[in-house]
Structures are given as C-alpha cells and as structure tokens.
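Working notes for the structure below.
The values are calculated or read from the model by the stated rules, or taken from the named source; none is laboratory data. Here the structure is a predicted model, which means the values were calculated and not measured. Quick reminder, even Gly has a Cβ in these numbers, built from the backbone with ideal geometry, and neighbours come from all protein chains shown. We work out accessible area using only protein heavy atoms, side chains counted, and drop any ligands, DNA or RNA first. Shrake-Rupley method; radii C 1.70, N 1.55, O 1.52, S 1.80 Å.
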Amino acid sequence: MSRPVPWIPGVLYGAVLSGGVYYAVIGPGPGAGTAGFAVLLGALIALDRRDRGLDRWRGRRVPAGAVFALRVLLLCAVTAVDASGISRVLFVLVPFLAFFAYGSAVAVGLGVGCVVVLAGAFTLSIPHWQVRAEYISDLLMFALGVVLALAMAAVAVREQQARARLEGTLAQVAELSAARERNRLAREIHDSLGHHLTAIGIQLEKAEAFASIDPQGSAQAVSHARWSANRALDEVRASVRALGPESESEPVGLSRALADLVHHLDGGSRRITLEMSGVERRPLLVLYRAAQEGLTNACRHSGATEIGVHVAYDERGARLRVVDNGSGFDAAEEGFGLTGLRERVRLAEGTVAIDSAPGGTVLTVGVPW
C-alpha cells in the first residue's frame, strides 16, 4: 500500500535533528558524536525519499522488508549516538510505517514491542527508573505517541480507501452516463432515420406505380421522397449534436409537425388521416416520436390501408392514438423501436398501451403535463 502521508517522517527527522544539535550547542558542545548523529539522520532522510514508490538500487528491486529493517537499524544507531535522548521519539515511525506496509495487526504488535524495548532499555541502563518521574513520563509519552501514530495511520488508510472507492464510483457513473447517452442518441437516430427511410420507400413505390399513368403524381411522390431524405439528414445531425435534454430538440409545434409528417406519408395505397382536439399547450417530442414509430410500423410491416392519428389535449395532459387496419403483430415481436419508445415515455412519466391483433393495431401513448 502506498503511504498517504509521506511528509510525517521528514518532519520528525528535522525536529529531532534540530533538537539534538541545539542540545549539543548548549551542553557539551558539538563534536564527533554530533556529526555522526547528523550523518545518520541524513541517511534516514535519504532512505525515506528513496522509499516513496518502488525501491531500487542500481536498477535492482530492493525488497520492502530489507528497506524496513535498514530503517530500524538506522534508528537504533541514531539513538545510540544521541546524547540528548530526544531521538527515541523516532521509534513511533516503526509502527506508523509498518501500518502501510504490513497492515494493522503487525503495526500494533510492533508498537507494543517498541514500548517494551524502551522499558527494557531503561531497566538495563538506569537503576530504579521505575520510581523516577521523568522516565515514567518519558515511557508514557512514548506509548501515547505510538497510539497517536497508529490512529493517524488508520485514518490515512481509511481516507485512501474511501478515495479509491469514490474514484471507482465516479468511473462507473461516467460509464453509465456515456452508455445512457449512446442509447439515447441511438434511439433518436432510429426513430428519425427509420421513419424517413420508410417514407422514402413508400414515396418511391408510389412514383414508380404512377410513372406512366400520372406523371404529376409521380413527380410529387419523388419530391416528397426528396423532402424525407433531407429531413432525415437534418434530424441525424441534430441527434448527434443534441447532448442536452430531449426538450431542446422538441419540434416547434406538435400539430404542425404531425401534419407535415402525415402529408408526406399519405397517398398511394394508404390513406392517413390526422385528428387533433383540445388546446395544444406545448410541443411534446415524445408524442411526435410515438407517432413516427406507429406510422413507420403501420406502413412498413402491417400492410395497412387506413391509418388514423388522433391527438387529444385536456387538463391532465396529452394523449396520442395511432390506429391502423393492418395484420397486427405479437407482443413478442416488439423490436428496438417500440422498446425505445417505452423507455422514452417512461422517462416522461407517461404510459404506453399496444392492442394488436389480426385486423388492426392501436398504439396509445399518454403524457401528463
């Protein structure tokens, strides 16, 4: 595990170095012991800087355990040459750094061991230290320092883990958002392009059928097919650009958009009618796409000759019905278009009902205000 708080050892080394040098200046005076003390602390600082990441020496990986053992040996050496005794505080780094390298159980064990070793050193070098307040205070303060170091390490590890979980969650959210946007754009392209390709096919069939008997009607059908092709290109471009909410892409007016849609599909062997009642309050893209999907399915798959589009507005919302006299279909045959329509209506908090049987299909979509 990487160390979340790499600055703590450096701060302790600097504080101990300053304290040891100050003690030497006001006490016995700087000498060889002070120089060795400073050199050993410098070695600890250099080792700590190399220990940030994967330790290497001349291109070879140094085992983490060897680095940790070398640090402990240097700490013992610093303590041995330190006449002031202030360097004992550095041993709180042993459980602190072990927490990140080996986990909480090992760190707690090393912390207890450091306290026991300090008590043993007092016993071997200082007679009757157990009744001298300054040494009891030193031991208690050291034990408290070990506890605080372990607590700080635990907090740092939990923060690091929480940050990793947050980054993972944000990555999942970003992935889901991207998937949702791709699905929305795919639905838009399917609804608009699929409808217009159907319209183009219908109009070209009409043009071919009437080419010899009604040249004017044939030319009009070709004109309608050209209009559908241009509309398909415009709507595909709009769908690719539309990265905001769907309401930004709503047609200027539903009644006008539906009238235009029916006008360019009507004719030939099919008769399409449009009826609207009530007062239109605002354009509703979801109803426009529902009408496109219903008309596309009726014209392409059902073989219907009569198709009616009915839109009614009231105080509760808007309701669309697309009715045809075609062959119908089974519910298991629903394709991507109807699945996308159900999802679109669900997001608008509306309802979808499909009643299909041989002889006709009724698609009903209701959207609240």
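Among the residues making up the range 326-369, those that are touching a helix residue (DSSP H, G or I) at 6+ places or on another chain (Cβ under 9 Å), surrounded by fewer than 18 Cβ atoms within 10 Å (Cβ to Cβ) and in a loop (DSSP other than H, G, I, E, B) are SER327, GLU334, GLY335.
Residues in the range 272-286: is at least one more than 26 Å from SER223 (Cα to Cα), open to solvent by less than 40 Å² (accessible area, probe 1.4 Å) and in a helix (DSSP H, G or I)? The answer is yes, given that some residue of the range 272-286 is more than 26 Å from SER223 (Cα to Cα), open to solvent by less than 40 Å² (accessible area, probe 1.4 Å) and in a helix (DSSP H, G or I).
Of all residues in the range 262-301 being polar (S, T, N, Q) and over 17 Å from HIS196 (Cα atoms), which is farthest from the chain's Cα centre (by Cα)? Within the range 262-301, the match that is farthest from the chain's Cα centre (by Cα) is SER269.
Among the residues of the range 69-90, those identified as surrounded by fewer than 21 Cβ atoms within 10 Å (Cβ to Cβ) and either under 20 Å from GLN160 (Cα atoms) or in contact (Cβ under 8 Å) with a residue 60 or more places away in the chain (or both) are ALA83, SER84, ILE86, VAL89.
Exactly one residue out of LEU265, LEU233 is farther than 23 Å from ALA298 by Cβ, among the aliphatic types (A, V, I, L, M) and either touching a helix residue (DSSP H, G or I) at 6+ places or on another chain (Cβ under 9 Å) or at pLDDT 65 or above (or both), and it is LEU233. Cβ-Cβ distances below 8 Å connect the following pairs, each with a first residue in the range 18-32 that is surrounded by 13 or more Cβ atoms within 10 Å (Cβ to Cβ) and in a helix (DSSP H, G or I), a second residue that is at pLDDT 80 or above and polar (S, T, N, Q), and a separation of six or more residues or different chains: GLY19/SER84; GLY20/THR34; GLY20/SER84; GLY20/SER87; VAL21/THR34; TYR23/SER84; ALA24/THR34; ALA24/SER84.
Table: residues versus (1) in a helix (DSSP H, G or I); (2) modelled with pLDDT under 85; (3) open to solvent by less than 20 Å² (accessible area, probe 1.4 Å).
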site: VAL92; (1), (2), (3): yes, no, yes
site: LEU97; (1), (2), (3): yes, no, yes
site: GLY120; (1), (2), (3): yes, no, no
site: LEU150; (1), (2), (3): yes, no, no
site: VAL157; (1), (2), (3): yes, no, yes
site: ARG182; (1), (2), (3): yes, yes, no
site: ALA186; (1), (2), (3): yes, yes, no
site: ASP191; (1), (2), (3): yes, yes, yes
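The conditions of being out of contact with any Asp or Glu (no Cβ under 6 Å at 6 or more places or on another chain), part of a helix (DSSP H, G or I), β-branched (Val, Ile, Thr) and at pLDDT 80 or above are not met by THR198. Test VAL365 against the stated conditions and say whether it is at pLDDT 85 or above and either among the aromatic types (Phe, Trp, Tyr) or within 39 Å of the chain's Cα centre (by Cα) (or both). In short, yes.
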